[in-house]
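Worksheet for the structure shown next.
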Amino acid sequence: MYCVEVRDRIMIAHSLPDPFFGPAQGLHGATFVVDVAFFRETLTAQNVVVDIGAALDVLKQTLQPLAYQNLDTLPIFAGKLTTTEFLARHIFDAVSAAARDGALGEDGKALAKIRVTLQETDLARASYEGTVD
Ligand SMILES: Nc1nc2c(c(=O)[nH]1)N=C([C@H](O)[C@H](O)COP(=O)(O)OP(=O)(O)OP(=O)(O)O)CN2
C-alpha cells in the first residue's frame, strides 16, 4: 500500500466538561499537529498517491474554520466533548468529503483509505482512519 502524508497545525481552545477529564474540564488551549495520510493500492498515471500541494490545500481549508476558535462556542460542536479522537474523526469526515468532491482530482476519489492523526503533545496522539465512501 502506498501512502502520502501531509501536516499542518491548529491552535484552539476548548473545555472537556466531564469529571472523567479532571483539570481539563476547564477551558484550556491546545496546539495540535495534524497529519493526514492518504493511501492507494496502486499509483496514478503520474506515479503519485495524491498531489502533495492539493493535499496540503485541502488540509489547510479543513482546519481554517477551527483555527484560533474556542470550540465550545461553535454550534457544530454544541454538547460534544471535543477530545483529540473526536476531532480526528471530524477532520477525517471533512477531508474525505473533499476527496469525494474532487478537491484532490479525479484520482483522489479512488483512495483506499485516509488516516487523520492529531498529536496533542510530544507524548500523546489520536487517530481515525477509514475508507473514502
Ligand atoms: N483519550 C483522551 N484523553 C484525554 C484527552 C483527549 O482528547 N483524549 N484530552 C485531555 C485534555 O484535553 C488535555 O489534553 C490533557 O489534560 P490533562 O488533564 O493534563 O491530561 P492527563 O490525563 O494526561 O493528566 P491528568 O492530570 O493525570 O488527568 C485529557 N485526556
Query raised in the report: Do we find a residue being among the polar types (S, T, N, Q) and touching a helix residue (DSSP H, G or I) at 6+ places or on another chain (Cβ under 9 Å) anywhere in region 96-116?
Result: no
Query - Tabulated pairs, region 25-40, first under 20 Å from LEU71 (Cα atoms), second of a type in the set (Asp, Glu) and within 16 Å of the ligand (Cβ to nearest atom), C-beta under 9 angstrom, 6+ apart or interchain - result: GLN25/ASP18; LEU27/ASP72; ALA30/GLU120; THR31/GLU120; PHE32/GLU120; VAL33/GLU120
Query raised in the report: Among (1) closer than 21 Å to ASP133 by Cα; (2) in contact with a Ser or Thr (Cβ under 8 Å, 6 or more places away or on another chain); (3) of a type outside the set (Val, Ile, Thr), which single condition is GLY26 missing?
Result: (1)
Query raised in the report: Got a number for residues in region 1-39 being part of a strand (DSSP E or B), away from the ligand (no atom under 13 Å from the Cβ) and exposed (fewer than 12 other Cβ atoms within 10 Å of the Cβ)?
Result: 1
Query - GLU5, sole failed condition from (1) under 19 Å from the mean Cα position of the chain (by Cα); (2) under 29 Å from GLY79 (Cα atoms) - result: (2)
Query raised in the report: For region 51-70, does any single residue satisfy the condition of being under 19 Å from ARG125 (Cα atoms) and within 16 Å of the ligand (Cβ to nearest atom)?
Result: yes
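Just give me the residues in region 74-130 being outside any helix (DSSP H, G or I) and among the basic types (Lys, Arg), in sequence order. Before the answer, list the steps.
Going residue by residue through region 74-130, those that are outside any helix (DSSP H, G or I) are 74, 78-83, 101-105, 111-130.
Result: LYS80, LYS113, ARG115, ARG125.
Quick note: the coordinates plus some simple rules give every number you see, no bench work behind them. Because the structure is a prediction, the values reported are computed rather than measured. With ideal geometry, Cβ positions are generated from the backbone for all residues, glycine too; neighbour counts draw on all protein chains shown.
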